[in-house]
Amino acid sequence: MSTTDKEIENLKTGTSRRVNISLKKIYFPSVVILATIVLSTMIHGAGFEFALDFPIDTSKEIEGFLDDSVDWIVINFGDFFDAISDALKVVLGKLRDLLVWIPWPVMMALVFIIGWKVASLKIAAMSVIGLAILATVNLWEPTMVTVAIMIVSVFLSIVVGVPVGILAARSDAVDTGIRPVLDTMQTMPSFVYLVPGIMLFGLGNVAAIFATVLYALPPCIRLTNLGIRQVDASVVEAGRSFGSSYMQLLFKIQIPMAIPTIMAGINQTVMMALAMSTIAAMVGAGGLGIEVLRAMGQLKEGEAIIAGCAIVILAIIIDRISQGYIENRTS
Amino acid sequence: MSAMAPENAGKSRSEIQSEFNQVVALRDVSFDVKKGETFVVMGLSGSGKSTLVRCLIRLIETTSGSIFVEEEDVTSLSERELRDFRRTKISMVFQNFGLLPHRNVMDNACYGLEVKGISRLERYEKAQKMLDLVGLNGWEDSRVSQLSGGMQQRVGLARALAVEPEILLMDEPFSGLDPLIRRQMRSELAELQKEIKKTMVFITHDLDEAVTVGDRIAIMRDGEIIQMGTPEEIILNPVDDFVTEFTEDVSKERVLNVSAVSVDPDLIWTHSQDLTKLKDDLNTAGAQHVAFVNESGNSLGVLMRNDIEQIASSEELDHMLRESSPAILNSSNVRPAILKLANSETPVPVVDSQKKLLGVITQSSILKSLAE
């Protein structure tokens, strides 16, 4: 009798092995669930104090320690953070002034040319239409301010993220070390970054940039790391066989071959930075985010929706142009 | 306890694997490669041949043993010396090409020179020569991804040659190609090698390929060399069943020399002797053909008995000898000799480089040796 015949026979008589296995699978969980219910009922019924409230509470101590640490940093390194803050303020101010100063027709022409050369004619045309919509709803200036904050945030993220990503790709120890840090940075609610940002850099754009960089940095690091690790091992081997030094291997083979993935990481960074713009507005960042917040505060839902859509349009323009660049490069 | 300990020398590969959870990649592998020689390492996948070639350039570090290039032990080079060694003395061609997809053909071919720090103008000039040599003239600006497999491997070859290495390592360079292209590349490489005369270590899993390109062949199994010798030695005297199985797929005529299939002529006749005596001798010896030589033993040609019987004058004989099949060199391959024999009505004389008659090949002599 073949296996199939046996199974058919088992199915007929209702003694299939499959049925037996699923009974066993149900058995253990049902005992666990039953025990949970019985134990909990018993503890509540008996009123065991120590089993109802956890006997130790350390939250006050840890909170106090963290408060003191931030205070200590602010007091001892205040000047250092002030210097960074001042420098960033200057750079951001100049950039914002420049973007606002460029008249809208010139800016649209510029975006058209960039979109055309980097992506495609279609994307260039769509980008200009998008900008025109932003202009018609009277959000041109806030848009430029948001763009300025984003450029600075993304620039800082890349300056930190790409080298860290390269380090993580070249060393498994670094990779293991930063992974939990990156997980924390990505899952931590972004509001939590705002307060230390204010304490270190004061209310305003720089605190917003700080929070944005913390939030947007992980994808940049992760994708740079991934991109370099994904480089075809046989090409790296060939590179070594010709006597490449460590640096030659990195700059002539690994980074160039990882560029599409690194670019995808930068694209992600830009998108996450844009997503932060409303939250950053809470600590005084200007731009489209503050428009949304103000309209919400005054219960002007129409204005809020328009400003929100403006952020979406800006995100789409930037995303399509950078995606187009990645596609042109990889094909 | 280490798997490298001397008391483990006698243990089999699987014993060591189960005891230490380590794989013996290579064991007791020793060979010399002469300057300008093409040394082929042949084996199935997992036999250690790719590991072997990577050890030579230290892409894989050896756990013990030495590798000498001229007087220098490669295994003891420092990081810096190793880099210089790779940049100047040796280069490698890879099975899956290992080209840089973000660069065009020219900049790929230049890579070795670029790493060496040679100026752009000079490296373009050198790489151009190599691209011309491998038949890629006009493709310099193409992206490598646009090329066919065969052409990509030409780029790989040009890249390896551009640094003017003394040693060329070829790790199954043609295995990834279509059979037709593979055969073509193989014969092109054999032609090229005549011109460039590099010392070459060539890895393959194909004995047919090994026989075409190799001066000597080492056959590997389970990390050990089981037979080493010229293609002829390996095909004619396989050392065990494993090697025999490989050799069965290779046609013998590829490795046989003419001298191996030649036999003594039925009758040797010195030309100056009397013609009537020749006819008598023919009958007494019962010879079917006669090889004619001059006084110094040089071959003049071979004629059949029937033809000789109809000859009336020595002028007529001279004429017929001039018309007869030209002699063939004893060191040449048997394959063109078969063709010559097929187009000839007489046996073909075999001579050495001084034109001295050594024997003849007949249809039956060739068939006999091929059937053996």
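Bear in mind that the values in this text are calculations on the coordinates, not laboratory data. It should be emphasised that the depicted structure is a prediction, and the values quoted were computed from it without experimental measurement. Cβ coordinates were reconstructed from backbone atoms using ideal geometry, including for glycine residues, and neighbour counts include every protein chain displayed.
B:V105 satisfies every condition listed in (1) within 12 Å of chain A (Cβ to nearest Cβ); (2) crowded, with 16+ Cβ neighbours inside 10 Å except (1). Residue-level analysis places A:I198 outside the set of residues that are within 9 Å of another protein chain (Cβ to nearest Cβ), of a type in the set (A, V, I, L, M) and surrounded by fewer than 20 Cβ atoms within 10 Å (Cβ to Cβ). Within the stretch B:175-192, which residues are closer than 23 Å to B:K252 by Cβ and either surrounded by 15 or more Cβ atoms within 10 Å (Cβ to Cβ) or touching a residue at least 60 places away in the same chain (Cβ under 8 Å) (or both)? Listed by number, the residues that qualify are B:R182, B:R183, B:R186, B:L189.
Scoring B:R123 on the criteria (1) buried (at least 18 other Cβ atoms within 10 Å of the Cβ); (2) under 27 Å from B:G214 (Cα atoms); (3) basic (K, R) leaves a single failure, condition (2). In this structure, does B:A25 turn out to be more than 14 Å from every other protein chain (Cβ to nearest Cβ), in contact (Cβ under 8 Å) with a residue 12 or more places away in the chain and more than 29 Å from the chain's Cα centre (by Cα)? Answer is no for this residue. Residues of the stretch B:320-347 that are among the β-branched types (V, I, T) and farther than 15 Å from B:G301 by Cβ: B:V334, B:I338. Residues that are farther than 24 Å from B:D178 by Cα and more than 7 Å from chain A (Cβ to nearest Cβ) within the stretch B:85-102 comprise B:F85, B:T88, B:K89, B:I90, listed in sequence order.
Assessment of the stretch B:73-83 against the conditions (surrounded by fewer than 16 Cβ atoms within 10 Å (Cβ to Cβ), in a loop (DSSP other than H, G, I, E, B) and in contact with a strand residue (DSSP E or B) (Cβ under 8 Å, 6 or more places away or on another chain)) yields no matching residue. Taking the residues in the stretch B:263-295 that are surrounded by fewer than 16 Cβ atoms within 10 Å (Cβ to Cβ) and touching a residue at least 40 places away in the same chain (Cβ under 8 Å) as candidates, determine which candidate is nearest to B:E315 (Cα to Cα). Taking the candidates together, the pick is B:L275.
Could you tell me whether any residue of the stretch A:197-216 is in contact with a Ser or Thr (Cβ under 8 Å, 6 or more places away or on another chain), within 30 Å of B:G112 (Cβ to Cβ) and assigned to a helix (DSSP H, G or I)? Among the residues of the stretch A:197-216, not one is in contact with a Ser or Thr (Cβ under 8 Å, 6 or more places away or on another chain), within 30 Å of B:G112 (Cβ to Cβ) and assigned to a helix (DSSP H, G or I), which makes the answer no. The set of residues in the stretch A:232-262 that are more than 7 Å from chain B (Cβ to nearest Cβ), crowded, with 20+ Cβ neighbours inside 10 Å and of a type outside the set (S, T, N, Q) comprises A:G239, A:K252, A:A258, A:I262. Restricting B:L113, B:L157, B:L121, B:L161 to those that are of a type in the set (A, V, I, L, M), more than 14 Å from every other protein chain (Cβ to nearest Cβ) and either in contact (Cβ under 8 Å) with a residue 12 or more places away in the chain or not in a loop (DSSP other than H, G, I, E, B) (or both) reduces the list to B:L121. Restricting the first member to the stretch A:279-297 and to residues that are within 18 Å of A:V312 (Cα to Cα) and in contact (Cβ under 8 Å) with a residue 24 or more places away in the chain, and the second to residues that are in a loop (DSSP other than H, G, I, E, B) and not aliphatic (A, V, I, L, M), the beta-carbon pairs closer than 7 Å and six or more apart or on different chains are A:I279/A:S190.
With respect to the conditions (1) more than 14 Å from the chain's Cα centre (by Cα); (2) assigned to a helix (DSSP H, G or I), B:G176 falls short on a single one, namely (2).
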